[in-house]
Amino acid sequence: MSEAATHVPPITGMEIHMHDLNGQMLRVGIRRGSRSLPPLLIFNGIGANLELAKPFIEALEDVEVVIFDIPGVGKSHAPMLPYRFSTLALMADKLMRRLGYDREVDVLGLSWGGGLAQEFAYLHPRRCRRLILAATSPGAIMVPGKLTVISQLVSPRRYSDPDYLQTIGGHIYGGEYRRNPSLLREHARHINSQRGYGYFYQLLAGWGWTSFLWLGLLPPPTLVMHGNDDPLVPLINAKILAARIPKARLYVIDDGHLFIVARAQEVAPVVDRFLSENSQ
């Protein structure tokens, strides 16, 4: 295991526990908040352990946050069989109820997690109060990124080899990660490198999946956020989401795929305001 994987900086104020959810061991992080708003459930990107969202979570105001390592990622145990987004959406709802969140929740999905967030809102329309989709797409029916970038995404090597991440990170993520190599070194410090087939299960979960046909049925107010220099998921995909989801608005930032981390101090207040609207 790499040095980056052995000393992962914790998220300030976050409680992290292992939870047994009907035989599936999940590593769950909760940052307590005191505002009278629903908790914000965060679905991370492919292969990403919860610590990789550290800059964004710490930049949020007093919002209660729940985030977990997807099965087979970080320190959550890998399942015996592959799964689909629908499986994970049902599991996430069960987890939130187990944690005592029986009413509405707000949901944020980043990249791969954006597909899971859409599925959650679709399957649990009364549970999802507000939806935030960052650097994501409608799935299989989308405008794809550059082939060279997508081919590098297929392998989880960037999560286990810091030198490889330094070589290809700017090309994959674009934006500030392209312009500022020190961000890649900091990114590597937060990685909990996984072993086994968890990453490939995540790839399979999204294989052939699309939300395009039912985006018009999503009821919650939705904030679609995207960078204008995203090699993985071109900006046009965010425009498609914003156009097809009835109560959606589009927020574009001059950055790349991981703007929510690289520009956390700028993006977090936008999320805070969106979550607080008409909350009284």
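The values are calculated or read from the model by the stated rules, or taken from the named source; none is laboratory data. Being a predicted model, the structure only gives us computed values, none of them experimental. Because the Cβ atoms are built from the backbone with ideal geometry, glycine has one as well, and the counts that use them run over all protein chains shown. Only protein heavy atoms, including side chains, enter the accessible area calculation; ligands, DNA and RNA are left aside. Shrake-Rupley method; radii C 1.70, N 1.55, O 1.52, S 1.80 Å.
Just the accessible area per residue of the stretch 23-148, please: how many Å² with a 1.4 Å probe? Don't skip to the end; give the middle numbers.
Details: 4470 Å² over 126 residues.
On a per-residue basis, 35 Å².
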Q: Have a look at Leu258, Leu110, Leu217 and tell me which one the Gaussian network model of the chain (Cα, springs below 10 Å) gives the largest fluctuation.
A: Leu217
**Q.** Count, lysine Cα pairs under 24 Å in the chain, 8 or more residues apart or across chains
**A.** 4
Q. Say each of Arg35 and Asp254 gets a label point 7 Å from the Cα, pointing the same way as Cα to Cβ; how far apart are those two points in nm?
A. 2.7 nm
Q | Cα→Cβ-extended label distance, 7 Å offset, between Arg84 and Thr12, nm | A | 4.2 nm
Q) Stretch Leu204-Arg185 to full length: gain in nm at 0.36 nm per residue minus the Cα-Cα span? A) 3.9 nm
Q: Specify the residue with the greatest mean-square fluctuation among Asp106, Asp229, Asp62, computed from a Gaussian network of the chain linking alpha-carbon atoms under 10 Å apart.
A: Asp62
**Q.** Solvent-accessible area, 1.4 Å probe, carbon plus sulfur percent, for the chain
**A.** 56 percent
Q.
Before I look further, what does the stretch 161-280 give for accessible area per residue, probe 1.4 Å, in whole square angstrom?
A. 44 Å²
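Taking R0 as 35 Å, what's the FRET efficiency between Asn22 and Leu213 from their Cβ-Cβ distance, rounded to 0.05?
0.70
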Q: Net charge near Phe212: determine it from the other residues with C-beta under 15 Å of the C-beta of Phe212, scoring Lys and Arg +1 and Asp and Glu -1.
A: +1
Q.
Using only the Cα atoms of the stretch 75-194, what semi-axes does the equivalent ellipsoid have when each is the square root of 5 times a gyration tensor eigenvalue? Give whole Å, largest first.
A. 30, 17, 15
(Q) Taking the Cα centroid of the stretch 152-206 and of the stretch 34-109, what is the distance between the two, rounded to the nearest whole Å? (A) 20 Å
Q. Among Tyr199, Tyr251, what's the order by accessible area (1.4 angstrom probe), most exposed first?
A. Tyr251, Tyr199
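How high is the relative contact order of the stretch 128-235, given as a whole-number percent (alpha carbon pairs under 8 Å, six or more residues apart)?
Values: 113 pairs, mean separation 56.2, N = 108.
Computed over the stretch 128-235, the figure is 52 percent.
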(Q) Need one value: the accessible area of Phe200 in square angstrom, 1.4 angstrom probe, rounded to the nearest 10. (A) 90 Å²
Q: Using a cut-off of 14 Å between beta-carbons, work out the net charge of the residues near Lys146 (Lys and Arg +1, Asp and Glu -1, Lys146 not included).
A: -1
